[in-house]
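K.L.:
There's a structure below that I have some questions on.
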Amino acid sequence: MNGNSFGRLFQFTTFGESHGEAMGVTVSGCPAGLELSEEDVQADLDRRKPGQSMITTSRGEPDHVSIKSGLQEGYTTGTPIGMVIENKDAQSEKYEPFVTAPRPSHGDFTYSAKFGTRNWGGGGRSSARETVNWVAAGAIAKKILEREGIELKAHVNQIGDIEAPEVSFEQMLDHSEENEVRCAHPETAERMRERIDEYQQEGDSIGGSIYFEARGVPRGLGAPRFDSVEARLGQAMMSVPATTAFEFGLGREAREYTGSERNDEWKFEDPENPEESDPVPVENDHGGLQGGITTGEPIYGEVTLHAPTSIPKSQTTVDWETGEEREEQVIGRHDPVLPPRGVPVVEAMLAVTLVDFMLLGGRINPDRVDDRPGEYDTDYHPSSPRNE
């Protein structure tokens, strides 16, 4: 099976199944000298883990990360960083009715059709549990971006037909983690929570969307066409399980704008000193991207996630071995809505994509950073063979 790695210079490769022994990820391309701990990674894993509220699955996974390689005395060494998250609460027996009878709108049949087999416990490799690895890799990318003065944040801006009003980046930073829906507009978050409860009581689920934003990204990252930032970012976001749409800037609203309305006119960054000032767009309807390359303005967009497909309502399926049609219920523990736990996943994929472009654009030294305290002489070090 291919498709288990993401990124070019900053690359992560994952392994594991939903009900296997463990999930794991190897991160390559992280420069040496970055201060990093398991606590740094755990903070984001705790935001994604199951069982954190009444609107998430009740599966009892602590999602404790163990860093197995790539660190020495709390700093990265430049070698691959290996991380493992053990599965502690798998209940595979609940999936036995679906070994030869695919659950509606899951990857059960397509995986079996392609490979002739599959790990059916909890969906195996196709389960969204696999994103625990992405969040672990994203936590490292966030540390690198933080060092470069780049901030990013996401929040839930719509559940069903309930849409939050536009909020500022500062409101996202201050309020999105204050409620279990992860919506930065508290009043809307309450309405969203009520709507989610209604679907839960009916044994159903509901979709929604996540708004993301990154600030401090330097201009000049990316390339035209297939290596454009929006193309790579689109791949990252469309890889998130349940994603049905990715937008940046005006997104789908752009179809309603004329050219004169959408075009971002230019001004001097410092009008008082134009000869030594760079051009900047007057507005940012392009979402920080023009010609596939960053403008230096905030990058923003939206990811739409469909309703969870595992629901307790009885649904029709067929058994490809017996040739029978039958009614089945998915009894496992599942989320009634995905965006609240999807926020750290979207942030992670935004972070790893930006770090990859920063390395490709020469904005980060691919060999080492300077987080180590004090003088670090590369010509003399106690562990160097030349000094033995």
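The values are calculated or read from the model by the stated rules, or taken from the named source; none is laboratory data. Here the structure is a predicted model, which is why all the values come from computation and not from measurement. Neighbour counts are summed over all protein chains in view; Cβ atoms, including those assigned to glycine, are modelled from backbone coordinates with ideal geometry.
K.L.:
Kindly check whether there is at least one residue in region 124-134 that is over 17 Å from the mean Cα position of the chain (by Cα) and of a type in the set (A, V, I, L, M).
P.N.:
no
K.L.:
Just wondering, is there one or more residues in region 214-222 that are in a helix (DSSP H, G or I) and either closer than 30 Å to Val27 by Cα or touching a Lys or Arg at 6+ places or on another chain (Cβ under 9 Å) (or both)?
P.N.:
no
K.L.:
Out of Thr304, Thr309, which single residue is under 24 Å from Gln158 (Cα atoms) and at pLDDT below 95?
P.N.:
The unique qualifying residue is Thr309.
K.L.:
Right, next: Looking at (1) farther than 17 Å from Phe10 by Cβ; (2) of a type in the set (Asp, Glu); (3) touching a Pro at 6+ places or on another chain (Cβ under 9 Å), which one does Asp44 not meet, given that it meets all the others?
P.N.:
Condition not satisfied by Asp44: (1).
K.L.:
Select from region 64-105 the residues that are among the basic types (Lys, Arg) and either modelled with pLDDT of 80 or more or under 19 Å from Gln11 (Cα atoms) (or both) and list them in ascending order.
P.N.:
Lys68, Lys88, Arg103
K.L.:
Which count do you get for residues in region 176-193 that are in a helix (DSSP H, G or I) and either touching a helix residue (DSSP H, G or I) at 6+ places or on another chain (Cβ under 7 Å) or modelled with pLDDT under 95 (or both)?
P.N.:
1
K.L.:
While we're here: Looking only at region 135-163, count how many residues are more than 14 Å from Pro340 (Cα to Cα), assigned to a loop (DSSP other than H, G, I, E, B) and over 17 Å from the mean Cα position of the chain (by Cα).
P.N.:
3
K.L.:
Turning to a different aspect of this structure: Is it true that some residue in region 106-123 is within 21 Å of Gln200 (Cα to Cα) and modelled with pLDDT under 95?
P.N.:
The answer is yes; a qualifying residue exists.
K.L.:
Only residues in region 164-175 that are at pLDDT 95 or above and surrounded by 15 or more Cβ atoms within 10 Å (Cβ to Cβ) count as the first member; pair them with residues that are assigned to a helix (DSSP H, G or I) and polar (S, T, N, Q), Cβ under 7 angstrom, at least 6 apart or cross-chain, and list the lot.
P.N.:
Cβ pairs passing all conditions: Ala164/Thr188.
K.L.:
Somewhere in region 340-349, is a residue in a loop (DSSP other than H, G, I, E, B) and at pLDDT 80 or above?
P.N.:
Checked against the condition, which is being in a loop (DSSP other than H, G, I, E, B) and at pLDDT 80 or above, region 340-349 yields no hits at all.
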